[in-house]
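Engineer: Quick one: structure below, then a few questions.
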Amino acid sequence: MNQPNLLAAINRPGRYLGEEFNAVVKNWDDASVRFALIFPDLYEIGMSHQGLQILYHIINGQENFIAERCYCPGADVEKLLQETGQPLTTLENAHPLAEFDALGFTLPYELCYTNILTVLRLADIPFYTADRTEHHPLVLGGGACSMNPEPVADFFDAILLGDGEEAMLEIAATLAEAKEESREQKLALLEKISGIYIPSHFSVTYSGERVTAIKRIKGRGELPIQRRIVTDLDNIDHLKNPLVPNAKIVHDRLGVEVARGCTRGCRFCQAGITYRPVRERSPQQVMELAKTGIANSGFEELALLSLSTGDYSCIEQTLAPLMDMFADKYISVAMPSMRVGTLTPTIMEQIKRVRKTGFTLAPEAGSDRLRRVINKGITEEDLLATCSDAFRFGWKLIKCYFMTGLPTEREDDIIAMAELVRKILATGKATKADFNQALTKGGSPQVNVSVGTFVPKPHTPFQWQRQISEEESLARLDLLRKKLPRKNCNLKYHSPKISWLEGVFSRGDRRLAALLVAAWERGARLDGWREYFQPTLWREAAESLNMDIDSYLRARDMEEVLPWSHLATGVSEQFLRSELEKAMAESYTPDCRYHNCQQCGLCDFKTIRPIVHNRKKNLAPAESTLTPQKKEEEQHIKYIVHYSRQGKICYLGHLEILQLIFRTLHRAEIPVHYSKGFHPSPKVSFGPALPVGTESMAEYFIMDLYSPLSSIEDTQKRLNATLPRGLAVQAIERSTKIPQKMLVDYQIALPFIIDGECQQKIDDFLAANSFLIQKIRKKKNKEIDIRPLITKLEKRDKTTLFLQIRSESTLPGAKPTEAIESILQLDNKESQQLKVVKEKWQAV
Ligand code: SF4
């Protein structure tokens, strides 16, 4: 899917190019096992996912194994592939998925399930495992949804429960040894690996809406199947050479996982159970990974990742040295998942040193009563104290995340959400009065409220609770909207319709596979995206199967067989039941990270135990050791860098190229000035944007440096070593002068032979004094006379033209494709096939 003719015809071609910095392209023929790792959502979501990248590098770290990547394509590409009969391929070597030994799907959330079907169909692999033959790759799954994969179980040959880093290499080694074995034999061997579940080895029986029994019918092994747990994060490979996307993605930054697991014990939280116990990475390794990751990627942001980063016991000791390491390089440090009470003034002080990243709080519920039910462990007083600190440190906007539909929720809990928002705004005003100098001038405190509908998840204390209906959810949101303050407050909510479908699949069983196929066949795609989700398709699909899908939202009987009963997280059911009882009694369960073991049943305290590096959390925070270095601010040394862009990379947009150059400068350690202000950015100016798809031998940018380059030759080498394939620096010169007026030469290859009729059109154009074309500039229709702008147009050979355009920076210009399209009166298909190369420019 990266042929130029296809790339020219699709939205956001950057999604399909590959060629990312640090992508691993290996020799196909040298490998004993080849995996296609697939993220079943669009590139911008999938590339933001750490898990897939970690496995990608772990597999490729072994000489004999290959891992390539594939993401779910957008609707336009799906259509195009079907129309042209081309298969979906990987980004690295453009191999069709069906040629791999195994496909490894990440299962990150329930609403990507139809995307799995899209990928399988485009790979020409049957949906159902029962329909696959010896020639098809094995289809494997793993990830957050693996602890109840039953709705998609019939599509997967094997599913890994739990952590993948160690198991993935065991899977690869097993498949390498079993290369000549039958499919069934391979599955039997895989089943011996701890954490592997083979769905076809089990049968499920039902009565009405309930599962009545889950029985093993093949294979062997302990029941329930236990989740795989990596016991110590310091012993496994993390990202040292992270993939650097070429296209814009959702989380465009370096992520370093500081800890896995959270034992705060929020009773609604599935991850809080399925990633236990807490395993912290050592602060030394966090520092090392941050340093090498940033140096090898050029990212401008480092995110310290975990389910609750503020709970990382060494956070205060780690943050100041990290900021010291990065602040003068304008690299910010973000902690995306912070919990009230862990956002201390010390942490806030550090975060704001480079950029004030978002300040999001998750009270989850409006009232202290409901927060006791869910074991949130924070009070209104804690929340307001944190907000006060945030306002004091200069934040104006607080984002609050709530849920509606939590067990025992009442009308007064909804009203309490609105009251809490009022109190936060009042705190902001009071803080502003007390610390006027700290708040940005003239800015009023602002609260953005975001509300989702609670979805009961498997393996949590609330797994037996009912989910409220879409109508109930809308009514509660309506009440909240009426009660919220009108000024300085915005309400956003996650679509209750989407939460309804998430609820169906979260606690669903194998019968839902038929629903997925029926909805997919009706056109259901990318269901997690509000703009693509079509609830009526799901209703129609359910009707066609005579299925009551709303019944999946019902409360479960405490004694009934749950569809995931044969899969174990390691946390005992007895613990979940007792947590449910404690929820109803509004009773608190402390965090075992800093308190005693709460007997959840997981740890054996020999191999599996919490790893906490600073249990007392009473060490003094590390002071910044940075002596502010006085940069030679007065020196502004400018260089012009001439570079070429060729091949697939020319399908990136102008902004994407800019980002890519900024990161290359970071990686090559070029000392560039930064702009001042809230979001400092490198002082680099670029030439005019080149149309997407145009190759060029004559691009340039000007960089503003603190000091002269010691060696231009060495700088050119360093830049070329860190540029992605397709971009190359041709020359660097000390200059600031870019002419206002220039002549630009283009070579244009036509998709047809220049015959007499075509030549006549060229001659007519050259003979004319004026040639008006209608074009859109800055979203407005404009009439441009291109005749005076075109100084040369001539035939170079039988299918190639030479075009010279006069360009003036202050006047609207002519684009080569637009000009040729109008002069030769080309149709859409012909203009998409034009191959344009910008050859050179010269001052006039
Ligand atoms: S067994 Fe104890 S220490 Fe281990 S995760 Fe459960 S509560 Fe925490």
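Read the figures in this text as sums done on the coordinates, not as results from a lab. Just so you know, these numbers come straight off a predicted model, no measurement behind them. All Cβ positions, glycine included, derive from the backbone under ideal geometry; neighbour counts span all protein chains shown.
Engineer: Would the range 154-294 count as rounded, prolate or oblate if I go by the C-alpha gyration tensor, calling it rounded below 1.5 in a/c and otherwise prolate when a/b exceeds b/c, oblate otherwise? Intermediate results must be reported in sequence, preceding the final value.
Structural biologist: Working: a/c = 2.14, a/b = 1.54, b/c = 1.40.
Prolate, since a/c reaches 1.5 and a/b exceeds b/c.
Engineer: Under 28 Å between alpha carbons, and skipping anything fewer than 8 positions from LYS218 in its own chain: which lysines qualify?
Structural biologist: Those lysines meeting the cut-off are LYS179, LYS186, LYS192.
Engineer: On to the next question. Treat the count of other C-beta atoms within 10 Å as a stand-in for reagent exposure and order PHE105, PHE701, PHE765 from fewest to most. The partial results should precede the final answer.
Structural biologist: On the way: PHE105 26, PHE701 20, PHE765 17.
Listed from fewest to most nearby Cβ atoms, that is PHE765, PHE701, PHE105.
Engineer: Taking the simple approach of a point 7 Å from Cα along Cα-to-Cβ for both LYS482 and ASN769, what is their distance in nm?
Structural biologist: Here the answer is 7.2 nm between the modelled labels.
Engineer: So, R0 is 35 Å and r is the distance between the beta-carbons of ASP548 and VAL250; what FRET efficiency does that work out to, to 0.05?
Structural biologist: Details: r = 35 Å, r/R0 = 1.01.
Efficiency, rounded to the nearest 0.05: 0.50.
Engineer: In addition: Across bins of 10 angstrom width beginning at 0, how are the C-alpha pair distances of the chain distributed, in whole percent?
Structural biologist: The distribution over the chain is 2, 11, 19, 23, 21, 14, 7, 2, 0, given as percents.
Engineer: Leaving out same-chain residues fewer than 8 places away, which aspartates and glutamates sit with a Cα under 18 Å from that of LYS761?
Structural biologist: Within the straight-line cut-off, LYS761 pairs with ASP785, GLU794, ASP797, GLU818, GLU821, ASP827, GLU830.
Engineer: Subtracting the Cα-Cα distance from 0.36 nm times the residue separation, let me have the gained length for VAL25 to ASP328 in nm, one decimal. Can you show the working numbers first?
Structural biologist: Details: separation 303, 0.36 × 303 = 109.08 nm, distance 3.41 nm.
Taking 0.36 nm per residue and subtracting the Cα distance, the gain is 105.7 nm.
Engineer: What are the lysines whose alpha-carbon lies under 22 Å from the alpha-carbon of LYS457, with same-chain residues fewer than 8 places away excluded?
Structural biologist: Of all the lysines, those that pass the test against LYS457 - Cα under 22 Å, at least 8 places apart if same chain - are LYS376, LYS497, LYS582.
Engineer: Still on this structure: I need the phi-derived Karplus couplings for the range 740-750: 6.51 cos²θ - 1.76 cosθ + 1.60, θ = phi - 60°, integer Hz, Gly and Pro marked x.
Structural biologist: 6, 10, 8, 9, 10, 9, 10, 10, 10, 8, 8
Engineer: Ok, one more. Rounded to the nearest 5, what % of DSSP beta bridges with both residues in the chain are antiparallel? Write down the numbers at each step before the final one.
Structural biologist: Working: 62 of 110 bridges.
The antiparallel proportion sits near 55 percent.
Engineer: Turning to a different aspect of this structure: Over the range 97-195, calculate the relative contact order: mean separation of alpha carbon pairs under 8 Å at least 6 apart, over the residue count, as a percent.
Structural biologist: 26 percent
Engineer: When the Cα centres of the range 31-67 and the range 668-730 are compared, how far apart do they sit, in Å?
Structural biologist: 30 Å
Engineer: Express as a percent, rounded to the nearest 5, the fraction of DSSP beta bridges in the range 17-125 (both residues included) that run antiparallel.
Structural biologist: Values: 1 of 12 bridges.
Of all bridge pairs located within the range 17-125, approximately 10 percent are antiparallel.
Engineer: Per the Kirkwood treatment, what hydrodynamic radius in Å, one decimal, follows for the range 680-747 from the mean inverse distance over all distinct Cα pairs? Intermediate results must be reported in sequence, preceding the final value.
Structural biologist: Numbers: mean 1/r = 0.0706 Å⁻¹.
14.2 Å is the Kirkwood radius here.
Engineer: Rounded to whole Å and ordered largest first, report the semi-axes of the equivalent ellipsoid of the range 68-206 derived from its Cα gyration tensor (root of 5λ).
Structural biologist: Values: eigenvalues 115, 62, 44 Å².
Rounded to whole Å, the semi-axes are 24, 18, 15.
Engineer: Relative contact order (percent) for the range 481-593, with alpha-carbon contacts under 8 angstrom and 6 or more residues of separation?
Structural biologist: On the way: 51 pairs, mean separation 26.8, N = 113.
In percent, rounded to a whole number, it is 24.
Engineer: Counting only the backbone N, which residues of the range 445-485 are under 19 Å from the spot 7 Å out from the Cα of TYR206 toward its beta-carbon?
Structural biologist: 458, 467
Engineer: Using the Cα centre as the reference, give the magnitude of the dipole from point charges on the C-beta atoms of the range 681-730 (Lys, Arg: +1; Asp, Glu: -1; all else neutral), rounded to the nearest 20 debye.
Structural biologist: Values: 4 positive and 5 negative charges, 28 e Å.
In debye, rounded to 20, the range 681-730 gives about 140.
Engineer: Expected output is a single nm value to one decimal: the length gained when fully extending between GLN598 and ASN235, i.e. 0.36 nm times separation in residues minus the C-alpha distance. What is it?
Structural biologist: Numbers: separation 363, 0.36 × 363 = 130.68 nm, distance 2.66 nm.
Net length gain for the segment: 128.0 nm.
Engineer: Using the Kirkwood radius over Cα pairs, work out the Stokes-Einstein diffusion coefficient for the range 732-844 at 25 °C and 0.890 mPa s, in µm²/s as a whole number.
Structural biologist: 164 µm²/s
Engineer: While we're on this one: Got the relative contact order for the chain handy, in percent, Cα pairs under 8 Å and 6 or more residues apart? Mind showing how you got there, number by number?
Structural biologist: Working: 1616 pairs, mean separation 98.0, N = 844.
Relative contact order for the chain comes out at 12 percent.
Engineer: Name the long-range amide H neighbours of TYR206: under 5 Å, sequence gap of 5 or more, or other chain; modelled H, no Pro or chain starts.
Structural biologist: So TYR206 has HN proximity to THR212.
Engineer: Now for a different question. Expected output is a single nm value to one decimal: the length gained when fully extending between GLU222 and ARG522, i.e. 0.36 nm times separation in residues minus the C-alpha distance. What is it? The partial results should precede the final answer.
Structural biologist: Numbers: separation 300, 0.36 × 300 = 108.00 nm, distance 4.00 nm.
Computed gain between GLU222 and ARG522 is 104.0 nm.
Engineer: Then there's this: Just to confirm my numbers, what's the Cα centroid distance between the range 495-547 and the range 281-343 in Å?
Structural biologist: The two parts, judged by their Cα centres, are 39 Å apart.
Engineer: Just want the ordering: SER194, SER367, SER203, from fewest to most Cβ atoms lying within 10 Å of their own Cβ. Present the calculation step by step, with values, prior to reporting the outcome.
Structural biologist: Details: SER194 17, SER367 20, SER203 12.
Ordered from fewest to most neighbouring Cβ atoms within 10 Å, SER194, SER367, SER203 come out as SER203, SER194, SER367.
Engineer: Sticking with this structure for a sec: What nm value, rounded to one decimal, do you get for the distance between LYS606 and GLU839 when each label is placed 7 Å out toward the C-beta?
Structural biologist: 7.6 nm
Engineer: Of the listed peptides 343-350, 30-37, what is their order by residue-averaged count of other C-beta atoms within 10 Å, with the highest listed first? If you can, show how the numbers build up before the last one.
Structural biologist: Values: 343-350: 18.4, 30-37: 21.2.
Result, highest mean Cβ count within 10 Å first: 30-37, 343-350.
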